[in-house]
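Peer 1: Below you'll find the structure I mean.
The values are calculated or read from the model by the stated rules, or taken from the named source; none is laboratory data. Remember, it's a predicted structure, so these values are computed and weren't measured experimentally. Here the Cβ is made from the backbone with ideal geometry for all residues, glycine too, and neighbour counts use every protein chain on show.
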Amino acid sequence: MPRPAQLLVLKRSDDAVNCVAWHPSQKTIAVGADDGRVTLYDATKGRELRGSIQRTAAVSTVAFAHDGSLAVGGADGQVAIYDKRGKLVREIAAGEGVRSCAFAPKSREVCVGGEGGVHLTYFGEDGKRKLPFPGRSLWVWSLCFSPDGCSLAVGGDDDSSIAIIQTKTNEITREIRREGPDDIINATSAGPFKKERDFRIDCHPAVRCLAYAPDGFSLAAGGLDSRVVIYYLPSATVRTTIKRQGAVWAVAYSTDGNCLAIGGADQRIAFHDVATGAPQRVVPALDEVRCLAFSPTYLASGDASGMLVLHPVDTEYTGPKDDAQLSRWEAAAPSDDDDETASDASDDDGVALPPISSPKPKTGLAIIADKW
């Protein structure tokens, strides 16, 4: 009988973890942070892979293509494309600041959204700009392709709506709005984009995160109003509304589509049943949760403390039960033993990154328990 997956805590650095993405093999994970560094880990061994990518500004988004190519975007307004061996093959000047990027399924075409002049832009495999997608005049915070690649969901803070765009026709086929308070608020963006701005909440605050269900029929959206709304797209109706205790920065569906993970300013990861919206369990974090990503074995979470945690996908896993157990996460201190360089990933298992000249920050690994 196979051994259950273990909870892995990777103490990365003091800089906030802003984004995570699983390699198509589901064995390697890419992590981007405020220090401009993108690190890859072997999730099967809990080890950092050789080398890293060092960008000139904070990294806000990472995404893998189906062939293992990696896109990295951040506050410098650039999107860098690396092949599966870690070679930089292209840099795309996307605009003022990149907040989100995604590869089209089974393609190396990448869609980019962000601040100011970035709006929503679609680049071909050769890096040449295609006609911009319609529907967003200001900031784009989140975007994601449907599993079949036929639709693109886009959320931002300019008009309190979510646009569903048909990728073949480049047309908005549906705009989704939800009811909420009508007020003026001051929003301070965290992480790589430390800015303040006032804007009106017409129907709901700015959408901060989006995720398609694996079946492509449902879309989860979280925002500043501390709510996650699951929409049934064929009829654009609300399927479930989940209330949290702070702004929601990240949502992710499990690979079987039965569970939705939610993270945000309340420093918790909440697991909910998709069919009913009922809470399954809540796992504490050390700081606000900024990113989430599922593989068949783990849920990866990154937070503002610089911690990357791999939570086993197991219905019996409930996380630390008290503050004493939670403090063990912080005890994942850097170890000299963990400074040894791990071997390269194979072509099938991940991306082998070239070494960089800057010193590598120490990382530590704590294997807490098979189950709490």
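Peer 1: What are the residues in the range 91-117 that are surrounded by 24 or more Cβ atoms within 10 Å (Cβ to Cβ) and of a type in the set (A, V, I, L, M), if any?
Peer 2: Scanning the range 91-117 gives Ala94, Val98, Val110, Val112.
Peer 1: So which residues in the range 268-307 are hydrophobic (A, V, I, L, M, F, W, C) and touching a Cys at 6+ places or on another chain (Cβ under 9 Å)?
Peer 2: Within the range 268-307, Phe271, Val274, Cys291, Leu292, Ala293, Phe294, Leu299, Ala300 qualify.
Peer 1: Then there is this: If a residue counts only when it is modelled with pLDDT under 95 and small (Gly, Ala, Ser), which strands (runs of 3 or more DSSP E) contained entirely in the range 23-82 have at least 2 such residues?
Peer 2: 28-33, 70-74
Peer 1: Every residue in the range 84-114 that is closer than 17 Å to Ala21 by Cβ and free of Cβ contacts under 8 Å to residues at least 24 places away in the same chain, please.
Peer 2: Glu109
Peer 1: Hey, could you check the range 259-282 for residues that are buried (at least 18 other Cβ atoms within 10 Å of the Cβ) and small (Gly, Ala, Ser) and say which is farthest from Pro214 (Cα to Cα)?
Peer 2: Residue satisfying both the conditions and the ranking: Ala265.
Peer 1: Looking for whichever is buried (at least 21 other Cβ atoms within 10 Å of the Cβ), farther than 25 Å from Leu210 by Cβ, touching a strand residue (DSSP E or B) at 6+ places or on another chain (Cβ under 6 Å) and not aromatic (Phe, Trp, Tyr) here; the options are Leu49, Leu88, Leu70. Which one fits?
Peer 2: On the way: Leu88 fails: buried (at least 21 other Cβ atoms within 10 Å of the Cβ); Leu70 fails: farther than 25 Å from Leu210 by Cβ.
Residue meeting the stated conditions: Leu49.
Peer 1: Among the numbered criteria (1) of a type in the set (Phe, Trp, Tyr); (2) modelled with pLDDT of 95 or more; (3) in contact with a Gly (Cβ under 9 Å, 6 or more places away or on another chain), which one does Tyr212 miss?
Peer 2: Failed condition: (3).
Peer 1: Step by step: first the residues of the range 231-256, then only those that are among the small types (Gly, Ala, Ser) and crowded, with 18+ Cβ neighbours inside 10 Å, then the one that is nearest to the chain's Cα centre (by Cα). Which residue is that?
Peer 2: Ala250
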